[in-house]
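Engineer: Dropping a structure here in structure tokens format, bear with me for questions.
The values are calculated or read from the model by the stated rules, or taken from the named source; none is laboratory data. This is a predicted model, so every value here is computed, not measured. As a convention, Cβ positions derive from the backbone with ideal geometry for all residues, glycine included, and neighbour counts pool all protein chains shown.
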Amino acid sequence: MNTPSKKNSAERVAAYDSLGPQWKELLDEERDPIAAMANFSALIKETFGWHWVGFYRVVGAELVLGPFQGPVACSRIGFGKGVCGSAWKEERTMVVPDVGQFPGHIACSPHSQSEIVVPLRDSGGRVAAVLDIDSAVLDDFGTVDVHGLETLCETLQPLFE
Ligand code: SME
């Protein structure tokens, strides 16, 4: 895959800038967490064209697939497993430039080359879900995405009890 990454480009900065108000409007209209995660996934997928955008919710000792946009994905991920389970365990955003180099990466699609996972906290500060994004482009996530996605994900915090 020779498509160049647009990470940290002016184009991507502008996309996050224009997303903010649009997302605020959608969130003001609907406070149900499932509905919000569904529209969040659609908005991000439509804006950036990434391969897979979606959520896994913390249910007991596992992450369970939530609203997403993209191809069929694995439905359950254990604590500390894969990139998603690691982000949950370490309670931090994880950027994986090359999923082939990440030990224990869970390959849901052969097209995924790079990945970012952002934990979402509930109102008590515990991880309630993770946002997972897969790109078909190697090394496609930079500091602009970390900042942009973490800022957007913080808006979901009040929806989780
Ligand atoms: N690659 C993820 C699994 C989820 S799919 O990418 C949608 C992981 O390693 O946790």
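Engineer: Under 8 Å between Cβ atoms, at least 6 apart or on separate chains: pull out the pairs that start in region 76-97 with a residue that is under 14 Å from Arg126 (Cβ atoms) and end on any residue that is within 9 Å of the ligand (Cβ to nearest atom) and in a loop (DSSP other than H, G, I, E, B).
Structural biologist: Close Cβ pairs (under 8 Å, with a partner that is within 9 Å of the ligand (Cβ to nearest atom) and in a loop (DSSP other than H, G, I, E, B)) do not exist here.
Engineer: Got at least one residue in region 134-150 being within 13 Å of the ligand (Cβ to nearest atom) and either among the charged types (D, E, K, R) or in contact with a helix residue (DSSP H, G or I) (Cβ under 8 Å, 6 or more places away or on another chain) (or both)?
Structural biologist: Checking region 134-150: at least one residue is within 13 Å of the ligand (Cβ to nearest atom) and either among the charged types (D, E, K, R) or in contact with a helix residue (DSSP H, G or I) (Cβ under 8 Å, 6 or more places away or on another chain) (or both).
Engineer: If I filter region 51-61 for residues that are in contact with a helix residue (DSSP H, G or I) (Cβ under 6 Å, 6 or more places away or on another chain) and modelled with pLDDT under 95, do I get at least one hit? Walk me through it before giving the result.
Structural biologist: Kept after step one, since they are in contact with a helix residue (DSSP H, G or I) (Cβ under 6 Å, 6 or more places away or on another chain), are these residues of region 51-61: 53-56.
This time we only want the ones that are modelled with pLDDT under 95, so: none.
There is no residue in region 51-61 that is in contact with a helix residue (DSSP H, G or I) (Cβ under 6 Å, 6 or more places away or on another chain) and modelled with pLDDT under 95.
Engineer: Of the residues that make up region 98-109, is at least one in contact with a helix residue (DSSP H, G or I) (Cβ under 7 Å, 6 or more places away or on another chain), of a type outside the set (Gly, Ala, Ser) and in contact (Cβ under 8 Å) with a residue 40 or more places away in the chain?
Structural biologist: Within region 98-109, none of the residues are in contact with a helix residue (DSSP H, G or I) (Cβ under 7 Å, 6 or more places away or on another chain), of a type outside the set (Gly, Ala, Ser) and in contact (Cβ under 8 Å) with a residue 40 or more places away in the chain.
Engineer: If you don't mind, another one. Just a yes or no: is a residue in region 153-161 over 25 Å from Arg12 (Cα atoms), surrounded by 15 or more Cβ atoms within 10 Å (Cβ to Cβ) and more than 9 Å from the ligand (Cβ to nearest atom)?
Structural biologist: yes
Engineer: To continue, here is another question. Looking at region 26-47, which of its residues are surrounded by fewer than 21 Cβ atoms within 10 Å (Cβ to Cβ) and not aliphatic (A, V, I, L, M)?
Structural biologist: Passing the criteria: Asp28, Glu29, Glu30, Arg31, Asp32, Asn39, Lys45, Glu46, Thr47.
Engineer: Would you mind finding the one in Pro97, Pro4, Pro21 that is more than 13 Å from the chain's Cα centre (by Cα) and more than 22 Å from Asp140 (Cα to Cα)? Spell out how you get there, then give the answer.
Structural biologist: Working: Pro97 fails: more than 22 Å from Asp140 (Cα to Cα); Pro4 fails: more than 22 Å from Asp140 (Cα to Cα).
Step by step, each of Pro97, Pro4, Pro21 is checked, and only Pro21 is more than 13 Å from the chain's Cα centre (by Cα) and more than 22 Å from Asp140 (Cα to Cα).
Engineer: Quick one: which of Glu11, Glu30, Glu91 is more than 13 Å from the ligand (Cβ to nearest atom) and in contact with a helix residue (DSSP H, G or I) (Cβ under 8 Å, 6 or more places away or on another chain)?
Structural biologist: Result: Glu30 is the single residue among Glu11, Glu30, Glu91 that is more than 13 Å from the ligand (Cβ to nearest atom) and in contact with a helix residue (DSSP H, G or I) (Cβ under 8 Å, 6 or more places away or on another chain).
Conditions (1) surrounded by fewer than 20 Cβ atoms within 10 Å (Cβ to Cβ); (2) within 9 Å of the ligand (Cβ to nearest atom), marked per residue:
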position	(1), (2)
Pro103	yes, no
Ser109	yes, yes
Leu120	no, no
Ser123	yes, no
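Engineer: Scan region 34-61 for residues that are within 21 Å of Asp17 (Cβ to Cβ) and not β-branched (Val, Ile, Thr) and report the count.
Structural biologist: So the answer is 11.
Engineer: Another question about this same structure. Considering region 1-12 alone, what residues qualify as being in a helix (DSSP H, G or I) and surrounded by 13 or more Cβ atoms within 10 Å (Cβ to Cβ)?
Structural biologist: Selection gives Arg12 alone.
Engineer: For region 77-88, which residues satisfy the criterion of being surrounded by 21 or more Cβ atoms within 10 Å (Cβ to Cβ) and more than 7 Å from the ligand (Cβ to nearest atom)?
Structural biologist: Across region 77-88, the qualifying residues are Ser86, Ala87, Trp88.
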